[in-house]
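J.: Submitted below is the structure of interest, expressed as structure tokens.
The values are calculated or read from the model by the stated rules, or taken from the named source; none is laboratory data. Model, not experiment: these values are computed from the prediction. Note that each Cβ is placed from the backbone with ideal geometry, even for glycine, and that neighbours are counted across all protein chains shown. Protein only, heavy atoms only, side chains kept; ligands, DNA and RNA dropped before computing areas. Shrake-Rupley method; radii C 1.70, N 1.55, O 1.52, S 1.80 Å.
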Amino acid sequence: MLIAIDGPAASGKGTLARRLAAHYGLRHLDTGLTYRGVAKTLLDTGRPLDDEAVAEEAARALDLGALDRAVLSAHGIGEAASKVAVMPSVRRVLVDKQRAFAAAPPGAVLDGRDIGTVVCPDADVKLYVIATAAVRATRRWREIEAAGGSADYAGILADIERRDARDTERAASPMRPAEDAHLLDTSEMDIETAFRAASAVIDARRAERDAN
Ligand SMILES: Nc1ncnc2c1ncn2[C@@H]1O[C@H](COP(=O)(O)OP(=O)(O)O)[C@@H](O)[C@H]1O
Ligand SMILES: Nc1ccn([C@@H]2O[C@H](COP(=O)(O)OP(=O)(O)O)[C@@H](O)[C@H]2O)c(=O)n1
């Protein structure tokens, strides 16, 4: 079984993807970490974020097995990740790696921006997770505070809105729901409620598949 989860920053897609993977015994890939990994390599080596050949080389060298979520999820890396994510050749290289991950048994949950539209258009279930920008900024603000950092709510909201615009307006694989995606608005759902709503969609799809 292949589950595709897309949506904007801090909509809760990663949390949902991890829980669904554990529940259904599937592997999980947070594809955002692959773009973050390329961005981090460039930042660490003092390379520019707008040189496509250099970024493509960093994408080729990226090892999906070595992505460290604790390091890569740092708030500042998200902005740099969305800059390298506009580059078609970076996307081609990373999408090949993501598809190889998705193809291995026993199945997987992938989350990102273009999973249902580009990476896994034949996924068994596609979810598009949204929440208002204010709710998403509050979630990210709480996350940073809980980790002992200090965060500025207005700055986080501005960052999320800037990233939403870059992700939806880029020419290469813009963020958008697949035509056959189920929309899940988590603005007024806690994590447990969102998980139950998502698993109800997946269970219904599995029952339908088993009946055919
Ligand atoms: N439905 C929800 N209600 C409240 N908080 C949530 C919900 N889903 C996720 N969160 C919290 O919001 C933050 C962002 O979630 P995350 O899954 O990392 O989002 P994304 O992967 O879409 O960027 C995390 O701190 C997570 O615990
Ligand atoms: N499949 C994907 C995943 C992420 N990305 C890019 O990578 C950036 C970081 O993604 P992320 O999922 O880690 O970001 P958060 O939603 O966790 O803040 C996004 O803003 C996108 O620009 C993408 O273009 N395609």
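J.: From Thr31, Thr41, grab the single residue that is β-branched (Val, Ile, Thr), under 26 Å from Ile160 (Cβ atoms) and more than 13 Å from ligand 2 (Cβ to nearest atom).
T.: On the way: Thr31 fails: more than 13 Å from ligand 2 (Cβ to nearest atom).
Answer to the check: Thr41.
J.: Can you say whether Arg91 is out of contact with any Pro (no Cβ under 7 Å at 6 or more places or on another chain), among the basic types (Lys, Arg), more than 16 Å from ligand 1 (Cβ to nearest atom) and in contact (Cβ under 8 Å) with a residue 24 or more places away in the chain, as far as the supplied structure shows? Working first, answer last.
T.: Numbers: out of contact with any Pro (no Cβ under 7 Å at 6 or more places or on another chain): yes; among the basic types (Lys, Arg): yes; more than 16 Å from ligand 1 (Cβ to nearest atom): yes; in contact (Cβ under 8 Å) with a residue 24 or more places away in the chain: yes.
Yes; evaluated as a whole, the condition is true for this residue.
J.: Right, another one. For residues that are within 14 Å of ligand 2 (Cβ to nearest atom), modelled with pLDDT of 95 or more and open to solvent by 70 Å² or more (accessible area, probe 1.4 Å), tally how many sit in the stretch 145-168.
T.: Total satisfying the criteria: 1.
J.: Residue check: is Leu43 surrounded by 19 or more Cβ atoms within 10 Å (Cβ to Cβ) and part of a helix (DSSP H, G or I)?
T.: Criteria not met by Leu43.
J.: Quick one: in the stretch 57-88, of everything that is within 28 Å of Arg139 (Cβ to Cβ), part of a loop (DSSP other than H, G, I, E, B) and out of contact with any Gly (no Cβ under 7 Å at 6 or more places or on another chain), which residue is farthest from ligand 1 (Cβ to nearest atom)?
T.: Among residues in the stretch 57-88 that are within 28 Å of Arg139 (Cβ to Cβ), part of a loop (DSSP other than H, G, I, E, B) and out of contact with any Gly (no Cβ under 7 Å at 6 or more places or on another chain), the one farthest from ligand 1 (Cβ to nearest atom) is Val86.
J.: Checking Thr193 against (1) among the hydroxyl-bearing types (Ser, Thr, Tyr); (2) surrounded by 15 or more Cβ atoms within 10 Å (Cβ to Cβ); (3) farther than 26 Å from Met87 by Cα, which single condition isn't satisfied?
T.: Status for Thr193: all satisfied but (2).
J.: Could you tell me whether Thr34 is modelled with pLDDT of 95 or more, open to solvent by less than 10 Å² (accessible area, probe 1.4 Å), under 24 Å from Glu143 (Cα atoms) and out of contact with any Gly (no Cβ under 6 Å at 6 or more places or on another chain)? Even if it seems obvious, please write down each step before you answer.
T.: Working: modelled with pLDDT of 95 or more: yes; open to solvent by less than 10 Å² (accessible area, probe 1.4 Å): yes; under 24 Å from Glu143 (Cα atoms): yes; out of contact with any Gly (no Cβ under 6 Å at 6 or more places or on another chain): yes.
It is true that Thr34 is modelled with pLDDT of 95 or more, open to solvent by less than 10 Å² (accessible area, probe 1.4 Å), under 24 Å from Glu143 (Cα atoms) and out of contact with any Gly (no Cβ under 6 Å at 6 or more places or on another chain).
J.: Among (1) touching a residue at least 40 places away in the same chain (Cβ under 8 Å); (2) open to solvent by 10 Å² or more (accessible area, probe 1.4 Å), which single condition is Gly112 missing?
T.: (2)
J.: Would you pick out the residues in the stretch 110-140 that are part of a strand (DSSP E or B), under 17 Å from Arg18 (Cβ atoms) and within 13 Å of ligand 2 (Cβ to nearest atom)?
T.: Hits for the stretch 110-140 are Leu110, Asp111, Gly112, Val129.
J.: Could you tell me which of the residues Arg99, Arg142, Arg92 is assigned by TED's automatic domain parsing to the domain that holds Ala9 and either modelled with pLDDT under 95 or open to solvent by 20 Å² or more (accessible area, probe 1.4 Å) (or both)?
T.: Of Arg99, Arg142, Arg92, the one residue that is assigned by TED's automatic domain parsing to the domain that holds Ala9 and either modelled with pLDDT under 95 or open to solvent by 20 Å² or more (accessible area, probe 1.4 Å) (or both) is Arg142.
J.: If you go through the stretch 17-34 one residue at a time, do you hit one that is in contact (Cβ under 8 Å) with a residue 12 or more places away in the chain, part of a loop (DSSP other than H, G, I, E, B) and not polar (S, T, N, Q)?
T.: Within the stretch 17-34 (the criterion being in contact (Cβ under 8 Å) with a residue 12 or more places away in the chain, part of a loop (DSSP other than H, G, I, E, B) and not polar (S, T, N, Q)), the answer is yes, since at least one residue qualifies.
J.: Another question, then. Which of the following residues is without any contact (Cβ under 8 Å) to a residue 24 or more places away in the chain and either closer than 23 Å to Arg36 by Cβ or over 18 Å from the mean Cα position of the chain (by Cα) (or both): Ala131, Ala137, Ala204? Write out each step before concluding.
T.: On the way: Ala131 fails: without any contact (Cβ under 8 Å) to a residue 24 or more places away in the chain; Ala137 fails: without any contact (Cβ under 8 Å) to a residue 24 or more places away in the chain.
Result of the check over Ala131, Ala137, Ala204: Ala204.
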